[in-house]
Structure formats: structure tokens, C-alpha cells
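Structure first, then comments.
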Amino acid sequence: MTNKKPILLVGDNPFHGISHLSQEHSRNRNTEIKNVEYASDLVIKSLENGAGGFMFTVSDTTLSILKEMKKKRRDSQLELYAIVPYASEYVRLATQLGGIMGIAKKIGKEMITSLNFGAIARSIKGISLLDVEDLMKAYLLYEMSKIKSAVGKQTNLVSVILHEIITEMALALDWDWLFKAYIDFVSKHGIKPGFETRNFAFFVKKFKTWDMDCRKILVTTPFNKIGFQMNPSKLECEKALNMVSDFEIIAMSVLAAGYLKPAEAIKYVKSLPNISGVVLGVSREKHARESFKLLRAAFET
Amino acid sequence: MKFGELMKILKDVPLKVGIIGLGKMGLLHASILSALGNVRVLGLCEKSRVMRRLSKKFFKGAEVVDDISELSGLGIDAVYVTTPIPSHFSIVTRIFSERIARNWFVEKTLASNYVEAKQLCEMAKCSHGIAMVGYMKRFAVTFRKAKDLIDSQVLGDLVSFDAYAYSSDFAEIKETPKISGARGGVLGDLGSHIVDLAFWFFGSLTLDSAKIGSRGAAGSEDKAIFCVSQADLKGNFSVSWCETQYRMPEFGFIIRGTNGILSVNDDVLEIKLKKGQSERLFRHDLNDNVDFLLGAPEYYREDHHFVRSIIDDTMVESDFISASKVDDLLGQIKNRAEYF
């Protein structure tokens, strides 16, 4: 861990019905988890027991949870870490709407009707010139405006994080221009640019090759005792971690999707260098209470 | 120069790949192939003008064209066909007749019907290259483990199995849209994977009965139930893309043998033997890491396997012949099914 105050975040996977252990595990969860009021109570309970913020994929579900929380917590500014786009939903929409062009039309229509004039202007420019950077900026403005309209003017949007599917594609295809444009654009809005990846060693190698300024960025990536989703291997990811004291790294999948017990999982993550924080999803009040108390106690000693 | 040295040099030369169809599967394969050190994506073919213009920015150094013929002359070693199923036959026929490349990867299903699939098998034979179909479930660690256990006869003589393929893709839509036909209906889209796995596990199977369910006026195929057999082995399949709570498509089997029972799906494998031993293995337990993860680890393994088969000139998993058998069974189901 770094010497700074640890960033402990509650994640949203259970609210979307996601379990990386198995889909069956997700189906067997309590049915209340998809209830917005129940989910917002879980986030609040996590915050009361040591979590410092909420990391979520921007979707109708999470925006409803934020609205509900706003009603219940008028006193404080919640730290938000937003992941965009909600890729799995777009993949499903591609199936229903006839591929990538079908999704593009749908998003374009939503952006035009969003009444966010910055997004509209950029999307018109982007579409007319087919300029990828302008289209990306228009899309980011649109997503940020959705968060602001859910939470209100006092939004404390700490980081906007590029979803792993886009991050991995951009890494594979050497889109250094996209990373640079993304970092510049998000930074200009006073927000920390972030990246979600399950190819951490590859990510670090590329960023070093491109000579990117990594002091500005946040990375959320799996770190767990059994090396689950740490590609290409646990050892390579740990080696890469040693090389990146300038990144802000939030460890995810620390429990390996419920495969590990919290105590052993936390012990491993705490032993790693250069980790700034942890994100953890919870599906029951008991989990929220116990897990975040344990995390807070571990990282503050 | 010794033959071995020549082979080493040839293996160090990047494999040049072309991709036809830049939908989500085309982009996925292009990305994974680009992450493999010994591959260069050199040519892209896409009908949509917008996608072509965007691709010129996305794929630096690659030719982006709108007609397959324009890929010839690029010296391409292998072609990926990731267009809708109804176009596979005509596209592969052109790749073959215009000698664009010797090695072919076609996203499943191989063709729209068995007649076309058989013709493509003949072309593959004449082409003397590697011809593979994207049945990526064979590269999932849980199904590979199941295959090992079945082959090693841990279950004894196989008696029966139940197989399913479910997704929620159209669960919340009242009427399945017409575009679902381009995916081959539920049988082509989901059923093909589970049938391919069944052939891989058990060998050839004979169709005994079939039912297909449709929800829409457009005559869409939304659900299918069919029964197969092979000597004393009986199997039941259930396929649907209208199930609730299947956020991601899920494929699974329960297999019964004289020694015990094995259940397996994309995430977990469980075996219970009559002598009392039992084991439950998640992906976590089966070394699921890959050099580059995008979508799911099986996509990487599938592409890596195809590329290695070309470079090493070795047999490929899920070749055209085995894929044509899937098309054959799916055709029989459609011809013989009662509709409900």
C-alpha cells in the first residue's frame, strides 16, 4: 500500500447482477439486490462502516441508486468514481439493434435529446467530420451530464474511468492518441482520468513505451491472492506494480469474486506496494458492515 | 541454410491477416490478433462507409476496403470472416476462387445450411490451408476439463445428458426483431455452440425429435427443444434467448455415466462419483489466465490456436468438417421440428 490515506470504495457489480464467480451465484443472490432502495441502503451502510466513495458503471440502475442516496444523505458529498461506457449493456443492445451502427444511432439520438449543449455541439462536429476524438468528448460530456443531473450540482466526481473493453482494445491497437486525448479532456474538467484493465502488465508496458505522464491517472485492476484475472499472470502483474509508483491504483477483484475469505484477501492486498485503494462489491448489509470495517482497520494500522 | 533454420526465420515473420466485417466480433478479433506479437492486421473489408472511414483512423497501417477483391495483392496469409451468417458462403467462396488467402477463420456457424457447409469443406480441402470455425466454447477451461474427464472415462459408460444454452438477449422484448435471423435464429446463435460441444464430447449424434418455438409474427426461432441419441446414450437439449436472469449467454451440461455425474457450464465444473468422491472447480481453479484478455479468455486461446496452427502447420480444433456436422444437425432440427 502507499502511505497516503487509503481509498476504500464500494462497487456496483452485485446491483447489475454480475458475479465473476458464476452466473448461478448471481442468480442465487437475494432478490432485493436489484431494488434501488435496498441497493442505496447497502452503499450507505458501506459508507458508514469505512467506505469513502462509490465506484459504479453509469447506467439507469446506478443513476437511480444515486438519486435515492441523494434523498437520504443530504449532509455530505459522496466521492464518485464513474466507469463509462456500460459496455455489457451496449453489447446486448448491439444484438437487439443490429450491430455497432444500431447502437451508434441510439446513443446519438439520446445525446441530441439530452439538452447538454456542449455534448450536442461536439457530437454534431464529430459526426459531420467523423472525428473520433470529438465523438469521444461528446460522449464523455453526455455521460458526465447524466451523473450531474442525478446527483445535483454538488457532485464530487473524483474520476471518470474508461471501461475495460475500450481500454483493452485501445491498448491492443496502439491507440496512444486516444489515451492522450482522453487524459487531457477529462483532466481539463478537474476530474482524474481513470482506466479499468484486466491486462495490467500489458497496460504498464504500453504506457511506459508511449512515455505517458502517469502521475495524472488512476487505474483499477484485479489484485488477489490467487491471481484470478491477473493477466498474463500474478507474478507479471506484481512485477509491473513495482514499476509504477506514480499511478493511483485501485485494486479490484480482491476477493476473487467471493472465492477468498475477506481476511486472507485483505492481508495479500495490504502486502503489495503502490496500491492506493480497494473497491469491493457487497450484496448484504452484513457484508457491507463487516468487509469495510475489516478493510478500514487493516489499512489504518 | 538448414531446413530448421529456414523454419525459424519463417516463424519470426509476422503472419499477415485480413478481416472481413467490422462488427463487434471483427473488432474483437482484430484487437486480440494485434496483441499477439507475431501477427499484423493488414487488410480490413467493410461495407459500411462510416465504419470504413472510422477504421482508417483506428487501424493505422492497414488497408481498409469495401470489396473482398481489393484484399488480393496484399499478400495476406489468413482471413477472418466475421460477417452475418447468411453471407459466409458467398464470402468464403470468393476468398477461395480469388485466392486471397489459404487460411480461413469463419465465425460460427460455418454456413446457413449443410449443403453450403459441405461445399465450403471441399474448398478448404483444395486450399490446403488451415480452416477453422469460431466455436470458442471449446477453449473455455471448464469445458476443456470436462472433455478430459469424459475422454479418460472417469464417468464410466455414458448413459444420458441434458444440455442447455440460455441468454436474456430478447427476454425483455415482446416480439423478436427481424435482425435476429442474421444471427441464425436461436439455433444458429446459441444452439450451435452447445451442439458443437456435444459432438466434441460424445462424437456423432442422431436426431430423434425436435420442437421450435416462435414468439413473433416474423417467424423467428426463439426457443428449441430437441432429443438425440448414440447407441445407449440419450441426450436432451433446451435452447432459448428469452430466459430471464441470463445476463450473459450460458451453456451447460449434466452428464450421467455408470460411475457418476458431471455438471459443467462456462463458470464451474462439478463431478460426483458413486464411490463417494466429489469435486467442484471454478475457473479460478483451472488456470484461466491468458497473455491478453478481451471479452473472455477463450477468445484469446481460440485466436492463438488458429495462428499457431498456421505457423506450426498442425491440425486445428473446430475445423470445417466438424463445424459442418453442426450445420447438418441444425438443418435436420429445422426440417423435422414441430413448431409451437
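What the table shows:
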read-out: Residues of the range A:217-236 classified as among the β-branched types (V, I, T), outside any strand (DSSP E or B) and more than 9 Å from chain B (Cβ to nearest Cβ), total; value: 1
read-out: Scope the range A:19-52; condition in a loop (DSSP other than H, G, I, E, B), within 12 Å of chain B (Cβ to nearest Cβ) and in contact (Cβ under 8 Å) with a residue 12 or more places away in the chain; matching residues; value: A:S19, A:H20, A:L21, A:R29
read-out: Odd one out for A:I83, checked against (1) over 27 Å from A:I107 (Cα atoms); (2) part of a strand (DSSP E or B); value: (1)
read-out: Filtered residues of the range A:130-149 (kept if of a type in the set (A, V, I, L, M) and part of a helix (DSSP H, G or I)); value: A:V132, A:L135, A:M136, A:A138, A:L140, A:L141, A:M144, A:I147
read-out: Some residue of the range B:121-142 being assigned to a loop (DSSP other than H, G, I, E, B), polar (S, T, N, Q) and at pLDDT 95 or above; value: no
read-out: Residue count for the range B:196-216, restricted to those that are within 18 Å of the chain's Cα centre (by Cα) and either at pLDDT below 95 or farther than 19 Å from B:W241 by Cβ (or both); value: 6
read-out: Top-ranked residue in the range A:18-73 [being among the aromatic types (F, W, Y) and farther than 19 Å from B:R247 by Cα; ranked as most open to solvent (accessible area, probe 1.4 Å)]; value: A:Y38
read-out: Residue that is farthest from the other protein chains (Cβ to nearest Cβ), among those in the range A:150-172 that are part of a helix (DSSP H, G or I) and hydrophobic (A, V, I, L, M, F, W, C); value: A:V151
read-out: Filter result for B:V239 (open to solvent by less than 30 Å² (accessible area, probe 1.4 Å), within 11 Å of chain A (Cβ to nearest Cβ), of a type in the set (V, I, T) and within 30 Å of A:L93 (Cα to Cα)); value: no
read-out: Pairs where the first residue, in the range B:141-157, is in the same structural domain as B:N259 (by TED's automatic domain parsing) and closer than 23 Å to B:R301 by Cα and the second is of a type in the set (S, T, N, Q) and open to solvent by less than 20 Å² (accessible area, probe 1.4 Å), C-beta under 9 Å, 6+ apart; value: B:T142/B:N265; B:F143/B:N265
read-out: Sole residue being modelled with pLDDT of 75 or more and away from chain B (no Cβ under 14 Å), chosen from A:I120, A:I112, A:I147, A:I124; value: A:I147
read-out: Filter result for the condition that a residue is of a type in the set (A, V, I, L, M, F, W, C) and away from every other protein chain (no Cβ under 14 Å), over A:V244, A:V204; value: A:V244
read-out: Scope the range A:197-244; condition touching a residue at least 40 places away in the same chain (Cβ under 8 Å) and either farther than 25 Å from A:A87 by Cα or surrounded by fewer than 20 Cβ atoms within 10 Å (Cβ to Cβ) (or both); matching residues; value: A:K225, A:A240, A:L241, A:V244
read-out: Considering residues of the range B:56-71 that are within 14 Å of chain A (Cβ to nearest Cβ) and part of a loop (DSSP other than H, G, I, E, B) only, the residue most open to solvent (accessible area, probe 1.4 Å); value: B:K60
read-out: Lone qualifier among B:L120, B:L158 - being open to solvent by less than 20 Å² (accessible area, probe 1.4 Å) and farther than 23 Å from A:G102 by Cβ; value: B:L120
read-out: Some residue of the range B:42-50 being open to solvent by 50 Å² or more (accessible area, probe 1.4 Å), within 14 Å of chain A (Cβ to nearest Cβ), in a helix (DSSP H, G or I) and in contact with a strand residue (DSSP E or B) (Cβ under 7 Å, 6 or more places away or on another chain); value: no
read-out: Residues satisfying the stated conditions in the range A:73-96, i.e. modelled with pLDDT under 85 and in contact with a helix residue (DSSP H, G or I) (Cβ under 6 Å, 6 or more places away or on another chain); value: A:A87, A:Y90, A:L93, A:A94
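Conditions (1) at pLDDT below 95; (2) part of a loop (DSSP other than H, G, I, E, B); (3) more than 14 Å from chain A (Cβ to nearest Cβ), marked per residue:
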{"residue": "B:L54", "(1), (2), (3)": "yes, no, no"}
{"residue": "B:G73", "(1), (2), (3)": "yes, yes, yes"}
{"residue": "B:V79", "(1), (2), (3)": "no, no, yes"}
{"residue": "B:I91", "(1), (2), (3)": "no, no, yes"}
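Matching residues to (1) closer than 30 Å to A:K34 by Cβ; (2) among the β-branched types (V, I, T); (3) away from chain A (no Cβ under 14 Å); (4) open to solvent by less than 20 Å² (accessible area, probe 1.4 Å):
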residue: B:G235; (1), (2), (3), (4): no, no, yes, yes
residue: B:G257; (1), (2), (3), (4): no, no, yes, yes
residue: B:E270; (1), (2), (3), (4): yes, no, no, no
residue: B:R280; (1), (2), (3), (4): yes, no, no, no
residue: B:N287; (1), (2), (3), (4): no, no, no, no
residue: B:L293; (1), (2), (3), (4): yes, no, no, yes
residue: B:F306; (1), (2), (3), (4): no, no, yes, yes
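The values are calculated or read from the model by the stated rules, or taken from the named source; none is laboratory data. Remember, predicted model here, so these are calculated numbers, not experimental data. Every residue, glycine as well, gets a Cβ built from its backbone with ideal geometry; the counts of neighbours run over all protein chains shown. Just so you know, the surface numbers come from the protein's heavy atoms only, side chains and all, with ligands and any DNA or RNA stripped out. Shrake-Rupley method; radii C 1.70, N 1.55, O 1.52, S 1.80 Å.
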